[in-house]
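Below you'll find the structure, written out as structure tokens, and then a few comments.
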Amino acid sequence: MSTLYTPSRESLAELLDGEPRYRLDQVWDGLYTQLAAPAEITNVPKALRERLAFALPNALTQQVRRVSDGGDTVKYLWSLSDGSRIETVLMLYPDRVTVCVSSQAGCAMACGFCATGQAGFTRQLTVGEIVEQVVVAARDARTMGRRLANVVYMGMGEPMANLPAVWESVERLHGAIGLSARHITVSTVGIVPGIRTLTEKQLPVNLAVSLHAANDELRDELVPINKRYPLDELMEACAAYLEAKGRRLSFEWALIAGVNDRVQDATELAKLCRRFRLPAHVNLIPLNPTPGYPTVGSAAAAVARFHRSLVDLGVNATIRRNRGTDIDAACGQLAAGQPVVTTSVVLSSGRAPSDKG
Ligand code: SAH
């Protein structure tokens, strides 16, 4: 079904057939530059605004909007027209605003430590459903006096398993909203053909690869798709991407206590980077708790030790704060099944401390 942010400029032109030509610019600008709802695009006649609103309904219906205790993270739970649920997270940093978008309802990659993986796959998102997450978050940021400039495809789903819609959304964010490719990051579990496809695209977006292990035995266990696309192939694809784009490549590493946080794991990772001449940046986060995974995230001391080992071995690494743990909005905690329970809690208690929605 076509929703507000589904049509390309060409398709919108068809929809506006019979209108003066300049209407297309007015509507396109209204939707993507002003981030206005059709009813708010007041420089076009009311009848046309109504026709647009009718032909192109919103894709997302807000179920929950929760703000973290510190107020710097906002999580949205949306329901889609078929009842599927997805989540979006807005993160406000002192120097930038980033939105983390979902690319699929659920995920088929089955990483055991990830709440979305535990819940399984429902369906692909459309370009309209992906773009609308960004527009709504940007609008929300604007009401807080901030400008959203960064998008990461790190919400629910595997972007490379829905590449046509994901890529169209990237082009829309770049071409219509005006976000810089440098500020768009596509994250993947390591689907090699997807990385190769991205290598051939013109827009040089950032690539993030969820590595979590630097040997095939452990990675097969943590990230099952590794059996199909083992590390050597993955690293070759990453090297080719880097060479083609000259963009930042990052490896995500969720630190799991006693599993991938030992000094030998750091040494192995450094060796892997060296072997493929990959000047990657490693993002470290202690694993966030999820209902279906027994092992816990590394303690602060282990995180610091792992970080120091990498740096000593010449690998760029940053420890990331886990944001939004108090509102189940942290990495890997997005699972449509979970917050539904939260919703009823929020509703029945009237107002939860962290709920501003
Ligand atoms: N499917 C894509 C994007 C979504 S996941 C991918 O795999 O990259 C975004 C990031 O969160 C990935 O790096 C993923 O491995 C990580 N993640 C998943 N579950 C997590 C958890 N419980 N704690 C910390 N990070 C987690």
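The values are calculated or read from the model by the stated rules, or taken from the named source; none is laboratory data. Keep in mind the model is a prediction, meaning the values are calculated, not measured. Here the Cβ positions follow ideal geometry from the backbone for every residue, glycine too, while neighbour counts run over all protein chains shown.
Which of the residues that make up the stretch 33-62 are part of a loop (DSSP other than H, G, I, E, B) and among the polar types (S, T, N, Q)?
33, 34, 42, 43, 58
Listed residues 104, 118; which is under 25 Å from residue 288 (Cα atoms), over 14 Å from the mean Cα position of the chain (by Cα) and either within 16 Å of the ligand (Cβ to nearest atom) or hydroxyl-bearing (Ser, Thr, Tyr) (or both)?
Working: 104 fails: over 14 Å from the mean Cα position of the chain (by Cα).
Residue meeting the stated conditions: 118.
Which one of these is within 12 Å of the ligand (Cβ to nearest atom), aliphatic (A, V, I, L, M) and more than 21 Å from residue 186 (Cα to Cα): 311, 296, 315, 282?
296
Considering every residue within the stretch 295-307, establish whether at least one is touching a residue at least 60 places away in the same chain (Cβ under 8 Å), in the same structural domain as residue 234 (by TED's automatic domain parsing), surrounded by fewer than 19 Cβ atoms within 10 Å (Cβ to Cβ) and within 23 Å of the chain's Cα centre (by Cα).
No.
Taking into account only those residues within the stretch 156-171 that are out of contact with any Leu (no Cβ under 6 Å at 6 or more places or on another chain) and part of a loop (DSSP other than H, G, I, E, B), which is nearest to the ligand (Cβ to nearest atom)?
Here the residue is 158.
Looking at 152, 136, which is the one that is near the ligand (Cβ under 10 Å from one of its atoms), modelled with pLDDT of 95 or more and of a type in the set (A, V, I, L, M, F, W, C)?
Every option except 152 fails the conditions.
Restrict the check to the stretch 174-183 and report whether at least one residue is assigned by TED's automatic domain parsing to the domain that holds residue 111, of a type outside the set (D, E, K, R) and within 16 Å of the ligand (Cβ to nearest atom). Break it down stepwise before answering.
Start the filter on the stretch 174-183 by keeping residues that are assigned by TED's automatic domain parsing to the domain that holds residue 111, which leaves 174-183.
Imposing the further condition that a residue be of a type outside the set (D, E, K, R) reduces the set to 174-181, 183.
With within 16 Å of the ligand (Cβ to nearest atom) added as a condition, the list becomes none.
Taking every residue of the stretch 174-183 in turn, none turns out to be assigned by TED's automatic domain parsing to the domain that holds residue 111, of a type outside the set (D, E, K, R) and within 16 Å of the ligand (Cβ to nearest atom).
Give me the residue from the stretch 195-207 that is hydrophobic (A, V, I, L, M, F, W, C) and either outside any helix (DSSP H, G or I) or touching an Asp or Glu at 6+ places or on another chain (Cβ under 7 Å) (or both) and, out of that set, nearest to the ligand (Cβ to nearest atom).
207
Has the stretch 208-220 got any residue that is within 14 Å of the ligand (Cβ to nearest atom), of a type in the set (Asp, Glu) and surrounded by fewer than 18 Cβ atoms within 10 Å (Cβ to Cβ)?
No.
Take the stretch 323-355 and flag every residue that is polar (S, T, N, Q) and either more than 15 Å from the ligand (Cβ to nearest atom) or at pLDDT below 80 (or both).
338, 342, 343, 344, 348, 349, 354
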